[in-house]
Structures are given as structure tokens and as C-alpha cells.
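For reference, the structure discussed in these notes is given below.
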Amino acid sequence: MARTANGGAATDTRLCPMAEEGEAESGHRERPEPAKEGSPRWGPQHAGARELAELYSPGKRLQEWMSVVLCFVLLSYNFCSLVRYFTLDHITSIVFSIFAGIITADFASGLVHWGADTWGSVELPIVGKAFIRPFREHHIDPTAITRHDFIETNGDNCMVTIIPLASMAYKFLFLTPDVIYKSYPTECFIFALAMFVTLTNQIHKWSHTYFGLPCWVVFLQDWHIILPRKHHRIHHVSPHETYFCITTGWLNYPLEKLGFWRRLEDLIHSVTGEKPRSDDLKWAQKVK
């Protein structure tokens, strides 16, 4: 895909105004075949989007509810514990740890997003319908996430953070104050990482929401403290092969300049013979 000097997508008349159903040249990458005449190219009426949405099960909903409740209980307890043990002695290391946690969360969001977008199949046991399905749905119905409630939006990310947050809570419960004092910057890193991983899908949802956002969310987007709406549009140019980081998006431009994802895909393709985004393409081409 052609890029401007600052990492943005070059102007192309093939791109739709919101760049969520556009197409761009992709070098040696395969491009989607034209959709069948009369069938929706994207959105909730797309045949693949409807089929994927119907795979959302009551069991999945229960898992999301349990994950959200447990995650926020642990976040609250750990935050109160961090405040309790706070001292000015660690102020410099605390700031560094929080920044490192945010950067790590952004990279982790890109790695998971790239992996689920690029490889695997909805037909895989357990993980297919539960975790890969939302990624397939999102590319052919990008606004579906804006119709998801808080539980469906954030359940999976909350589940990922439960173990590190539980480990952190265990330390505050059972370790001595002296041990906690020594490990305090590390706990700040873990908390910042867990917090931003938890919020990643909510931030992603906001990046697709163009009306009715709170002023403070728009402020954070405009100052690129969290993922901006215009920035995330670049990813939604078919075939969705770049700008995968969706927490802050800070790492997208440097990773793009390094060709990080392309090189990783080429390596996996050379070893396994698997083509990137083949399952994603299959769902995008469904017409009935």
C-alpha cells in the first residue's frame, strides 16, 4: 500500500471516505475478488458478517461476564494497594514503568491483532468461534463493534489480564512491606500493562465511533494518547495488512517502516506454506 512520508495512506480514489471498505495495491499480496453484483461489500447485511454474528453463543457470553467482573475486582484491589504503598522515592521509576507498560500493551495488541487477523480459521476447535470469529466479523462489518455492549467488547481482554492481576493481588496480600517496596516499580509496570490491555478493545471501539463520544475521549484521540480514529482507518484498507496496534497506535509507524509484519509473514509462509489472511479473504467473499 502506498504511504505518505509521515506514514499515512496515500490519496487513492479507490478508498471510501472512512477507509473501511477501500482497496489498495498490496504488492505481491493477493487481492479480494469483486463481490457478487447486488451483494453488500461490507456491513451488517454482508452474508459473512451475518453468519459470523450468529456464532456468538450464550457460553461465550457467560465467559465474558465472568472475566469482566473478576478483572475489575482485581484492578480495583491492586490500584488501592498501589496507592497504599506509594512513596515519592520511586517517582522516576514509576513514570518509566507506566510508560513501558503502555508501550508493551500497544505492541501486544498489535501482535494479537496481527495473529488473529492473519492466521487461523473460524473452524478451529475452541479458539475459532470464541476468539478468531470477532476478527473476521470486524473486517466485513467494521461498525459491528460499535453495536456491542461493554461486556462483549471487553470480555476477552479482561480474561487475558486475570492471571497477572491475580498474581499481583497475591503479592499485596501475603508479601511483607519491605519486599513490596523493592518490587513496587515492577508492580506499576504490570498494573499499567494490565490496565491498557483491558482497555484496548474499548479504545478500539471508540476509534470506530464517529458520533456521541465524550469530550475527554475525543481529546485523548486528538492528542494521540489513545488510538485516533483517522489513524486506525489505515488498517481498514483491504487487505488489512498493516497498522495492527490498537491501544495507542504509537508503534504502528515504526513497525511499518521496519516492514515488521511483512517480514514475519514472509518467514511463516516460507516455513509453513500457509498464506496470510486466506481465511479472512474467504469470509469477505461470502455472498450468501
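The share of accessible area on the range 164-288 that comes from carbon and sulfur is 66 percent, using a 1.4 angstrom probe.
Heavy-atom accessible area for Tyr210, with the other protein chains in place and a 1.4 Å probe, reaches approximately 60 Å².
Ligands, DNA and RNA excluded, the heavy atoms of Tyr77 present near 80 Å² of accessible surface to a 1.4 Å solvent probe.
Evaluated over the Cα positions of the range 220-270, the convex hull gives a direction-averaged projected area, one quarter of its surface, of 3.6 nm². Here the dipole of the range 122-261 is about 140 debye; that uses its Cα centre as origin and unit charges on the Cβ of Lys and Arg (positive) and Asp and Glu (negative). Protein-only accessible surface at a 1.4 angstrom probe places the residues Phe150, Phe191, Phe260 in the order Phe150, Phe260, Phe191, largest first. Per residue, the accessible area of the range 88-214 comes to 45 Å², computed with a 1.4 Å probe over protein heavy atoms only.
Once the Kirkwood radius over Cα pairs is known for the range 197-284, the Stokes-Einstein relation at 20 °C and 1.002 mPa s delivers a diffusion coefficient of 148 µm²/s.
Rolling a 1.4 Å probe across all protein chains gives Lys129 an accessible area of roughly 120 Å².
Taking a point 7 Å out from the Cα of Tyr85 in the direction of its Cβ, the residues of the range 178-207 whose backbone N falls within less than 14 Å of it are 178-192.
Counting only protein chain heavy atoms and rolling a 1.4 Å probe, the accessible areas of Trp114, Trp119, Trp216, Trp65 rank, largest first, as Trp216, Trp65, Trp119, Trp114. Label-to-label distance, Arg263 versus Thr143, with points set 7 angstrom from Cα along the beta-carbon direction: 3.9 nm.
Taking all pairs of distinct Cα atoms, average 1/r, flip it, and tell me the Kirkwood hydrodynamic radius of the range 134-235 in Å to one decimal place.
Details: mean 1/r = 0.0639 Å⁻¹.
So the Kirkwood estimate lands at 15.6 Å.
Over 27 Å between Cα atoms: which of Lys129/Lys282; Lys129/Lys257; Lys182/Lys257; Lys60/Lys205; Lys171/Lys205; Lys230/Lys275 fall into that group? Pairs exceeding 27 Å: Lys129/Lys257; Lys182/Lys257; Lys171/Lys205; Lys230/Lys275. Largest accessible area first, the residues Phe135, Phe174, Phe86, Phe244 order themselves as Phe174, Phe86, Phe135, Phe244 under a 1.4 Å probe with ligands, DNA and RNA left out.
The values are calculated or read from the model by the stated rules, or taken from the named source; none is laboratory data. Computed from a predicted model, the values in this text were never measured in an experiment. Neighbour counts are summed over all protein chains in view; Cβ atoms, including those assigned to glycine, are modelled from backbone coordinates with ideal geometry. Surface accessibility is based on the protein's heavy atoms, side chains included, excluding ligands, DNA and RNA. Shrake-Rupley method; radii C 1.70, N 1.55, O 1.52, S 1.80 Å.
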